[in-house]
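So the structure is just underneath, and the comments pick up after that.
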Amino acid sequence: MSSPTGVVSPAWRWLGIELVESAEGRAVVEMTPSADMANHAGFVHGGMISTLADSAMGRSLRTIKPAVVRSMSFDLKLSFISAAKVGEALRATAHIVHAGRRTAVAECRVEAAGRLIATASGTFAITREKE
């Protein structure tokens with residue numbers, strides 16, 4: 001749950017997001033939604049799923065060189081495929097599609113127990129380390 005600098009994100013801590021895997025251009029994160037993350041119908045609120053996807057894509061950006069020291073999504077698109085149940089582990093797998101000097105594009109799949117829950121894409125403003 002910590003960033004490359006060792007600082008834990010308060011949002012990740014609150015949501016219970018865990019970093020599962022990280023490789024160049026790719027990241028996998030998981031969370032298990034609790035009852036207070038449900039919508040009025042009792043399923044996981046779409047905003048929680050959006051946050052998970054955005055977090056996975058943002059984390060994938062931290063794996064490239066020269067290093068991304070800051071990223072902020074300015075465009076986020078999600079397509080919800082099926083409902084996610086409270087208490088089931090959600091896994092978001094993100095990869096980078098394009099990384100320029102100032103912007104990057106990433107894609108993500110959110111799954112639960114082998115079911116596709118949502119797909120996402122995002123465009124990010126990035127700041128890289130000076131070479």
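A short reminder: the numbers here are calculations on the coordinates, not readings from a lab. For clarity, every value in this text was computed on a predicted model and none was experimentally measured. As a convention, Cβ positions derive from the backbone with ideal geometry for all residues, glycine included, and neighbour counts pool all protein chains shown.
Once you place label points 7 Å from the Cα toward the Cβ at Arg13 and Lys130, how far apart are they in nm?
Distance between label points: 3.2 nm.
If contacts are Cα pairs under 8 angstrom and at least 6 residues apart, what is the relative contact order of the chain in percent?
25
What distance in nm separates the two pseudo spin-label positions at Ala89 and Ala67, each 7 Å out from Cα along the beta-carbon direction?
In this crude spin-label approximation the distance works out to 2.9 nm.
Per residue, what volume in Å³ does the convex hull of the Cα atoms of the range 10-128 enclose?
91
For Arg115 and Arg102 in one chain, what is 0.36 nm times their gap in residues minus the Cα-Cα distance, to one decimal in nm?
Additional length available on full extension: 1.2 nm.
Using a/c under 1.5 as the rounded threshold, could you call the range 23-87 rounded, prolate or oblate? The axes a ≥ b ≥ c are square roots of the C-alpha gyration tensor eigenvalues, and prolate needs a/b larger than b/c, oblate otherwise.
prolate
Please check which bits of the range 67-101 a label hung off Ala23 would reach, taking the label as a point 7 Å along Cα-to-C-beta and the cut-off as backbone N under 19 Å.
Backbone N within reach: 91-99.
Given a Förster distance of 35 angstrom, what is the FRET efficiency for Thr123 paired with Ala35, based on the Cβ-Cβ distance and rounded to 0.05?
Efficiency for this residue pair is about 0.60.
Tell me, how many Å apart are the Cα centres for the range 56-131 and for the range 15-49?
The range 56-131 and the range 15-49 have Cα centres separated by 12 Å.
Show me 53-61, 81-89 ranked by packing, highest mean number of other Cβ atoms within 10 Å first.
For the peptides 53-61, 81-89, the packing ranking is 53-61, 81-89.
At a Cα cut-off below 21 Å, give the lysines reachable from Lys130, other chains included and same-chain residues fewer than 8 away excluded.
Hits, sequence-local ones excluded: Lys65.
Do you know the relative contact order of the range 15-79, to the nearest whole percent, from alpha carbon pairs under 8 angstrom that are 6+ apart?
With pairs under 8 Å counted, the relative contact order is 30 percent.
With only Lys, Arg, Asp and Glu charged, each at its Cβ (+1 for the first two, -1 for the last two), find how big the charge dipole of the chain is about the Cα centre; round to the nearest 20 debye.
Roughly 360 debye, rounded to the nearest 20.
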